[in-house]
1. Could you please let me know if residue 34 is in contact with a helix residue (DSSP H, G or I) (Cβ under 7 Å, 6 or more places away or on another chain) and either farther than 22 Å from residue 2 by Cα or not aromatic (Phe, Trp, Tyr) (or both)?
2. Would you pick out the residues in the range 43-87 that are assigned to a helix (DSSP H, G or I), without any contact (Cβ under 8 Å) to a residue 24 or more places away in the chain and surrounded by 14 or more Cβ atoms within 10 Å (Cβ to Cβ)?
3. Kindly indicate whether residue 96 is outside any helix (DSSP H, G or I), in contact (Cβ under 8 Å) with a residue 24 or more places away in the chain and over 22 Å from the mean Cα position of the chain (by Cα).
4. Whether any residue in the range 97-118 is modelled with pLDDT of 95 or more, of a type in the set (Val, Ile, Thr) and in contact with a Leu (Cβ under 8 Å, 6 or more places away or on another chain) is what I want to check.
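The values are calculated or read from the model by the stated rules, or taken from the named source; none is laboratory data. Everything numeric in this text was worked out from a predicted model, so none of it was measured. FYI the Cβ positions are ideal-geometry reconstructions off the backbone, even for glycines, and counts take in every protein chain you see.
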Amino acid sequence: MQAYSLDLRQRVAQACAEPGARQAQVAQRFCVSVAFVGNLLRRQRQTGQVAALPGRGGPPRCLSAAAQAWLVAQVGRQPDATLAELRDGLLAESGQWVSLGAVWRVLDEHGLRRKKKPARH
């Protein structure tokens with residue numbers, strides 16, 4: 001989710017500083033939640049800032065760089081391997097089990113996205 005812009009944050013804080021302003025009215029006026037307004041004002045009181053916190057980056061990778069390199073090399077050796085076959089090969093090679101999604105993300109990041117094979121009739 002994208003953080004609200006600094007400009008919007010400043011306008012919300014300024015509107016809350018007006019005499020008689022209520023958080024619910026300000027939230028409705030700027031189409032934000034009342035919780036956002038309350039959190040913004042608390043952050044402003046505690047730090048003097050209204051800027052968004054920096055992103056935290058998300059969870060760490062479950063595959064090491066060596067495992068990712070092995071997957072890419074394996075696709076070069078066996079380009080028609082399925083995601084399940086690649087995952088099973090990685091399990092045999094490194095002893096690490098990962099989801100099919102994790103395998104797909106590595107291949108996608110290296111431009112090796114797997115296409116679905118057409119159904120046979």
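1. Values: in contact with a helix residue (DSSP H, G or I) (Cβ under 7 Å, 6 or more places away or on another chain): yes; either farther than 22 Å from residue 2 by Cα or not aromatic (Phe, Trp, Tyr) (or both): yes.
Yes.
2. Those that are assigned to a helix (DSSP H, G or I), without any contact (Cβ under 8 Å) to a residue 24 or more places away in the chain and surrounded by 14 or more Cβ atoms within 10 Å (Cβ to Cβ): 43, 74, 86, 87.
3. Working: outside any helix (DSSP H, G or I): yes; in contact (Cβ under 8 Å) with a residue 24 or more places away in the chain: yes; over 22 Å from the mean Cα position of the chain (by Cα): yes.
Judged against the criteria, residue 96 is a match.
4. Filtering the range 97-118 for residues modelled with pLDDT of 95 or more gives none.
Scanning the range 97-118 turns up no residue that is modelled with pLDDT of 95 or more, of a type in the set (Val, Ile, Thr) and in contact with a Leu (Cβ under 8 Å, 6 or more places away or on another chain).
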